[in-house]
Amino acid sequence: MPGDARKPAHGGNLSLALDFGPLLVFFLSYKGAGWIWGSGNPITAMMFGTAAFMAAIIVAVLISKVKLGRVSPMLWLSALLILFFGGLTIYFRDQSFIQIKPTIIYSFFALMLFAGLMRGKPLLKYLLQAAYDGLTETGWRKLSRNWAFFFVAMALANEVMRRSMSFDSWLAVKVWGVTIVSVVFAAANIPMLMRHGLNLGEKLDSEEIGETTPPQG
């Protein structure tokens with residue numbers, strides 16, 4: 001039987017698209033609304049972008065269920081928080097609700113990963129095992145530790161950005177800067193993982209990296 005027949009399908013490219021797509025919809029909808037209604041209606045543009053963001057994350061969940069046969073815990077959490085804080089943003093007409101959502105997501109995952117490590121259970125092993133075939137227990141612990149610290153840094157960075165930047169600047173950095181940094185960080189972990197038993201099988205490509213990036217929503 002061919003080796004790839006036994007390898008669990010993880011759809012890294014699709015996973016990355018489902019995570020990044022709603023954020024891109026938010027960015028384009030906000031900018032498009034601002035262009036249509038003019039710079040004098042920033043609240044209207046923000047509410048329109050938020051509504052599009054909420055619709056896009058629902059579509060992402062449905063596509064994930066249909067195409068991958070599952071919805072990852074990361075996507076579920078991101079979707080729930082987007083709908084909750086997006087609803088608050090629209091109801092109160094206050095952009096700070098949607099801006100604080102990433103801080104909560106990153107803080108939650110950092111807390112869960114650190115708690116798992118304290119109990120001797122690297123939680124990423126149960127989320128990403130299909131993407132990291134052959135990785136040793138030590139490798140999983142180091143990977144979980146690295147991502148836990150990364151999530152802490154991301155939460156702190158989001159707080160600094162939302163307090164010191166305009167909404168437009170914050171959104172641009174969130175869409176482009178944070179996504180690039182996340183993908184680069186995922187790729188930077190590969191050499192360490194290879195020293196701890198990672199079996200690439202075939203040449204590593206965006207499938208593996210896409211599956212292992214944190215939630216961007």
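The values are calculated or read from the model by the stated rules, or taken from the named source; none is laboratory data. From a predicted model like this one, the values you see are computed outputs, not experimental measurements. Using ideal geometry, Cβ is built from the backbone for each residue, glycine included, and neighbour counts are taken over all protein chains shown. Just the protein is used for accessible areas: all its heavy atoms, side chains included, with ligands, DNA and RNA removed. Shrake-Rupley method; radii C 1.70, N 1.55, O 1.52, S 1.80 Å.
Name the single residue that is nearest to L68 (Cα to Cα) among those in segment 21-43 being at pLDDT below 85 and surrounded by 15 or more Cβ atoms within 10 Å (Cβ to Cβ). Please lay out each step first, then the result.
Of segment 21-43, the ones at pLDDT below 85 are 33-43.
Imposing the further condition that a residue be surrounded by 15 or more Cβ atoms within 10 Å (Cβ to Cβ) reduces the set to 33-34, 42.
Working: A33: 33, G34: 35, P42: 37 Å.
So the residue we want is A33.
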- Task: Assess whether F149 counts as being open to solvent by 40 Å² or more (accessible area, probe 1.4 Å), over 30 Å from S29 (Cα atoms) and either within 14 Å of the chain's Cα centre (by Cα) or among the aromatic types (F, W, Y) (or both).
- Result: yes
- Assuming V71 fulfils every condition listed in (1) closer than 18 Å to P22 by Cβ; (2) among the β-branched types (V, I, T); (3) in a helix (DSSP H, G or I) apart from one, which condition is it? (3)
- Task: Please work out which residue is nearest to S64 (Cα to Cα), limiting yourself to segment 78-124 and to residues that are within 14 Å of the chain's Cα centre (by Cα) and of a type in the set (S, T, Y).
- Result: S78
- Task: Would you check which residues across segment 109-132 are touching a helix residue (DSSP H, G or I) at 6+ places or on another chain (Cβ under 7 Å) and assigned to a helix (DSSP H, G or I) and list them?
- Result: F109, A110, L113, F114, G116, L117, L124, K125, L127, L128, A131
- Message: Conditions first: (1) buried (at least 19 other Cβ atoms within 10 Å of the Cβ); (2) modelled with pLDDT under 90; (3) more than 23 Å from L18 (Cα to Cα). E202 passes all but one, so which condition is the exception?
- Response: (1)
- Query: Which is buried (at least 19 other Cβ atoms within 10 Å of the Cβ), at pLDDT below 90 and not hydroxyl-bearing (S, T, Y), of L113, L171, L143, L135?
  - Reply: L135
- Message: For segment 181-193: of the residues being open to solvent by 40 Å² or more (accessible area, probe 1.4 Å) and modelled with pLDDT of 90 or more, which is nearest to S29 (Cα to Cα)?
- Response: V181
